[in-house]
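The values are calculated or read from the model by the stated rules, or taken from the named source; none is laboratory data. Everything numeric here is computed off the predicted structure, so don't read it as measured data. FYI the Cβ positions are ideal-geometry reconstructions off the backbone, even for glycines, and counts take in every protein chain you see. Just the protein is used for accessible areas: all its heavy atoms, side chains included, with ligands, DNA and RNA removed. Shrake-Rupley method; radii C 1.70, N 1.55, O 1.52, S 1.80 Å.
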Amino acid sequence: MNKLGQVKVVNAAREKRIVQYDEIYQVYHYRKGQEFYVEEMVMLTPNNPISYTPMDVIITKGALKLYEHDPTNWGNTSFVVSDVYHGYIRTKNEYYTLLSALNKCTDFREKFPEKPEFTQSNLEKVIHYYNENCE
C-alpha cells in the first residue's frame, strides 16, 4: 500500500497528535482552553475538487455523513454527503427527498413508516439509524 504520509498536529498546550494520511482532509481549529473542533474539506458539488469547502463535522461514521455549513450569515445549514444524497438539507422538500432515498432500505422503512418531522435532532436520528442498520 502506498501511504501518502502523516501530519503532526500540535495544540496550544504543545500536545502532539499524529494524523494519518487518510485524515489529512480534516482541518483542526483550537478555541480557548485548548479544546479543538474539526472541520472537513467537503465538495459542494460531487466530483468537483474546485468546490471543496470546510464544514463542521456532525456525523462522519457510516455511509451517510452529516455536516454543518454556513454559506452566508444565516447560520449553519445541514449538508449530507452520501451515494444516495449529496447536498443541503435546508427545506422540508430536501429533507423528504433524503428520506425517500433512505426508504430503499427495508429496515429504515420499517423503523420510520411515517416521515419524522424536519428538525436537526430528527435528521441526526435518521442518519444514525441508517448508518447502523442499512450499510
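Numbers below:
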| read-out | value |
| --- | --- |
| Hits in segment 107-118 - residues which are among the aromatic types (Phe, Trp, Tyr) and outside any helix (DSSP H, G or I) | Phe112, Phe118 |
| Meets criteria (farther than 23 Å from Glu40 by Cβ and in contact with a Phe, Trp or Tyr (Cβ under 6 Å, 6 or more places away or on another chain)) for Phe112 | no |
| Flag if Tyr67 is among the aromatic types (Phe, Trp, Tyr) and in contact with an Asp or Glu (Cβ under 7 Å, 6 or more places away or on another chain) | yes |
| Index of the failed condition, Lys65 passing every other in (1) modelled with pLDDT of 90 or more; (2) open to solvent by 70 Å² or more (accessible area, probe 1.4 Å); (3) of a type outside the set (A, V, I, L, M, F, W, C) | (2) |
| Every residue from segment 83-123 that is charged (D, E, K, R) and open to solvent by less than 60 Å² (accessible area, probe 1.4 Å) | Glu94 |
| Criterion: out of contact with any Phe, Trp or Tyr (no Cβ under 9 Å at 6 or more places or on another chain) and not aliphatic (A, V, I, L, M) - qualifying residue of Asn93, Asn122 | Asn93 |
